[in-house]
1. Give the residue that is modelled with the lowest pLDDT, with candidates limited to residues of the stretch 92-111 that are crowded, with 19+ Cβ neighbours inside 10 Å and of a type outside the set (Val, Ile, Thr).
2. So which pairs qualify, if the first residue must be in the stretch 153-174 and surrounded by 18 or more Cβ atoms within 10 Å (Cβ to Cβ), the second must be among the aromatic types (Phe, Trp, Tyr) and modelled with pLDDT of 90 or more, the Cβ gap must be under 6 Å, and the two must be at least 6 apart or on different chains?
3. Please verify whether the stretch 96-106 includes one or more residues that are touching a residue at least 40 places away in the same chain (Cβ under 8 Å) and in contact with a helix residue (DSSP H, G or I) (Cβ under 7 Å, 6 or more places away or on another chain).
4. Quick check, is Phe63 in contact (Cβ under 8 Å) with a residue 40 or more places away in the chain and not in a helix (DSSP H, G or I)?
5. Return only the number of the condition from (1) modelled with pLDDT of 85 or more; (2) over 24 Å from Leu83 (Cα atoms); (3) surrounded by fewer than 18 Cβ atoms within 10 Å (Cβ to Cβ); (4) in contact with an Asp or Glu (Cβ under 7 Å, 6 or more places away or on another chain) that Asn184 does not satisfy.
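The values are calculated or read from the model by the stated rules, or taken from the named source; none is laboratory data. This is a predicted model, so every value here is computed, not measured. Cβ sites come from the backbone with ideal geometry, for glycine too, and all protein chains shown count toward neighbours.
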Amino acid sequence: MNKILWPMVAFCMLISLYWVFTGIGPQSIPVIRPSNFNTPFEIAEYTYRQLFPRIANHQAIVFGSEGNRPEQAEIFKKFVQLLVERGKQSYIVASDTRLKDNMFDPVQVEQLYLNDIPEQHRRQKLNEVLLSGKKIIFFLSSFDAVHFRREAMVNIIEDALKLKSISFVMARLALHPDEITIANLCVPPAKDEMNYNPLACLVRTKSANLQKNKKIDKSKLIGFTEQQGQNDFMIYTWLPKN
C-alpha cells in the first residue's frame, strides 16, 4: 500500500509547489477551444451549455468584467438571460457598479446596488437574499473575481457569507503586436512583488499562445473558455475593433 501511496503524495506535492511558484494556479482545462464566433452572445450560449450543471450547484455566481468592453457586457447580459430563462430559479444581480435598469431585457431581474447599502449592513442584506431562496449573481471587476488571488473580493464574499461561488472571469486577449510581452507580469512575487500580476500574466500567456494558432481568423471575433482552478472559468475574447 505504502509503495503506491507515497509516490502519489510526492507527485501531488510537486504539482502544488509548481502552482505556488508560477502563481497562476492549476493547469488550464479547455471548456471551449479557441474559435471564431459571429457574436458575443454565441460565446455566452456555448459556455452556458457546457457549464450549466456546475452553475446549478452554487448559490452565488460571480462575473468579472474589465469594464468598457462592449463584448464583455453582451456576454454578461446573455448569460444572465439564460440563467433566468432556463435555470428555473430566482436571481438577483448584486453589483458595485450601477447597471442600466433595462440591461437584461426582455427578462426582468432584480438588481441590488451594493454602494447604496452601508458596508456594515451588506452581509446581512445578502444573507436575507439567500434565505429568501434567491441566488445571487455578483458583478465585479475581473481582478476581484478570480479565486486564485487570495485578496480578491470573491474570496472575501465567500468568507462573509459562508458559501462557495463559481466565477466567470472575462478577459480581453492582447493580440496587438506591441501587447505580446509577458515581461515582469509573470515574475514570481518573491522576485518582483510590485510588477507581478497573476491575472495579467495568464492573459498575456494565453494571448502569446493564440498568436501561434494559424487556424483562427484574427480579423474576426475570437472566444474561448477554460477552467482555471476548481471554481474559476476564464472567458477570453478578442474583438479586433476593440
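1. The selected residue is Phe104.
2. Short answer, once both residue conditions are applied: Phe168/Phe63; Phe168/Phe233; Ala171/Tyr236; Leu173/Tyr236; Leu173/Trp238.
3. Step one: filter the stretch 96-106 for residues touching a residue at least 40 places away in the same chain (Cβ under 8 Å), giving 96-97, 99.
Filter once more, keeping what is in contact with a helix residue (DSSP H, G or I) (Cβ under 7 Å, 6 or more places away or on another chain): 96.
Checked the stretch 96-106: at least one residue is touching a residue at least 40 places away in the same chain (Cβ under 8 Å) and in contact with a helix residue (DSSP H, G or I) (Cβ under 7 Å, 6 or more places away or on another chain).
4. Details: in contact (Cβ under 8 Å) with a residue 40 or more places away in the chain: yes; not in a helix (DSSP H, G or I): yes.
Against the criterion (in contact (Cβ under 8 Å) with a residue 40 or more places away in the chain and not in a helix (DSSP H, G or I)), Phe63 qualifies.
5. (1)
Results for (1) at pLDDT below 85; (2) in a helix (DSSP H, G or I); (3) among the basic types (Lys, Arg); (4) within 13 Å of the chain's Cα centre (by Cα), shown as yes or no for each residue.
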| site | (1), (2), (3), (4) |
| --- | --- |
| Ile136 | no, no, no, no |
| Ile156 | no, yes, no, no |
| Lys191 | yes, no, yes, no |
| Tyr196 | yes, no, no, no |
| Lys214 | no, no, yes, no |
